[in-house]
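Taking it in order: structure first as structure tokens, then the write-up.
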Protein chains: 2
Amino acid sequence: MTAFSIHPIGILQCNLQKLEETPKNYDGSEHSGTIEVYPQFLAGLEGIRRGDTIVVLFWLDRADRNVLRVHPRGDKSKPKRGVFSTRSPVRPNPIAVSELFVEDIHDNVLTVRGLDILDSTPVIDIKKKLYSGKIRNNSPAGEMPR
Amino acid sequence: MTAFSIHPIGILQCNLQKLEETPKNYDGSEHSGTIEVYPQFLAGLEGIRRGDTIVVLFWLDRADRNVLRVHPRGDKSKPKRGVFSTRSPVRPNPIAVSELFVEDIHDNVLTVRGLDILDSTPVIDIKKKLYSGKIRNNSPAGEMPR
């Protein structure tokens, strides 16, 4: 089968060293850290500002790629289900999608809040958050898209 | 630099053949199509049901990987900005993140609505949608997570 090749665009640094201490999801996490974007990709950051919420894709380099069924949220009291119906880090292509708040940005380094990702995890993409019409209407003014 | 290898887990079939006819985002798109998940990944789908909203990651195999600045939404009247501050398909690792409504599921084939992706695009991951606390409180009962 065809394979595609991914090159990291940067790397995460934070104080999350163990899976047991890592929040299950970005939602509600107050953990901060920094994303160092490699200098050759610096131009891609133009337009990202402090206070933005960005979508960050990580390559979970320590996740098992050969598991297709898991206990939801690691809770063994619940029956296993398919990884594609969960947000488990374990999956054939171990990519995480996080929404992170930009606390600061200087050159190629972003300080972000909301981490549910281990220290030293490669970053493979950053996107603008897409606000749907419905969500936008319910959001406080501070979260309006520009 | 280290590279990671991605293997498609499935493929999209839909009637979007040209970029000019393709919606800019999933939000508001009424285009339907089918995702055929390859048989060896079938167990990963267990738990996905008709009526769910799923997060689907696509590998945009026809996107330019060497561009770092673009006109937002292709609008040349607007100044260029960094691809990481947009949702342009053009980016170093051309991965799209779409939220799609599951109209139907039979074995390894999902019928999905909300497409902004070209026909024959490889699928690389499927996840449960994460509903934040705030959004959950504002959502109609039909959109509550299970």
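The values are calculated or read from the model by the stated rules, or taken from the named source; none is laboratory data. Everything numeric here is computed off the predicted structure, so don't read it as measured data. All Cβ positions, glycine included, derive from the backbone under ideal geometry; neighbour counts span all protein chains shown.
General observations
- Considering (1) part of a strand (DSSP E or B); (2) out of contact with any strand residue (DSSP E or B) (no Cβ under 8 Å at 6 or more places or on another chain), the lone condition that residue B:78 does not fulfil carries the number (1).
- For the range B:67-118, filtering for residues that are hydrophobic (A, V, I, L, M, F, W, C), in contact with a Gly (Cβ under 7 Å, 6 or more places away or on another chain) and at the interface with chain A (Cβ under 9 Å from one of its Cβ atoms) leaves 3.
- Flag for residue A:91 being of a type in the set (Lys, Arg) and touching a Leu at 6+ places or on another chain (Cβ under 9 Å): yes
- Qualifying residue in the range A:91-111 (condition: among the basic types (Lys, Arg) and either surrounded by fewer than 16 Cβ atoms within 10 Å (Cβ to Cβ) or in contact (Cβ under 8 Å) with a residue 40 or more places away in the chain (or both)): no
- Restricting attention to the range A:29-55, the residues being in a loop (DSSP other than H, G, I, E, B) and at pLDDT 95 or above number 8.
- Within the range A:81-102, the set of residues being over 15 Å from residue B:41 (Cα atoms) and either of a type outside the set (Ser, Thr, Tyr) or not in a strand (DSSP E or B) (or both) comprises A:87, A:88, A:89, A:95, A:96, A:97, A:99, A:100, A:101, A:102.
- Hits in the range A:29-51 (condition: touching a Ser or Thr at 6+ places or on another chain (Cβ under 9 Å) and facing chain B (nearest Cβ under 7 Å)): A:44, A:45, A:46, A:47, A:48
- Annotation for the range B:126-137: at least one member residue is among the aromatic types (Phe, Trp, Tyr), modelled with pLDDT under 95, closer than 17 Å to residue A:130 by Cα and over 12 Å from the mean Cα position of the chain (by Cα).
- Answer residue from the range A:1-25, given it is within 8 Å of chain B (Cβ to nearest Cβ) and assigned to a loop (DSSP other than H, G, I, E, B) and is nearest to the chain's Cα centre (by Cα) among those: A:25
- Scanning the range A:1-28 for residues being touching a Leu at 6+ places or on another chain (Cβ under 6 Å) and at pLDDT 90 or above gives a total of 1.
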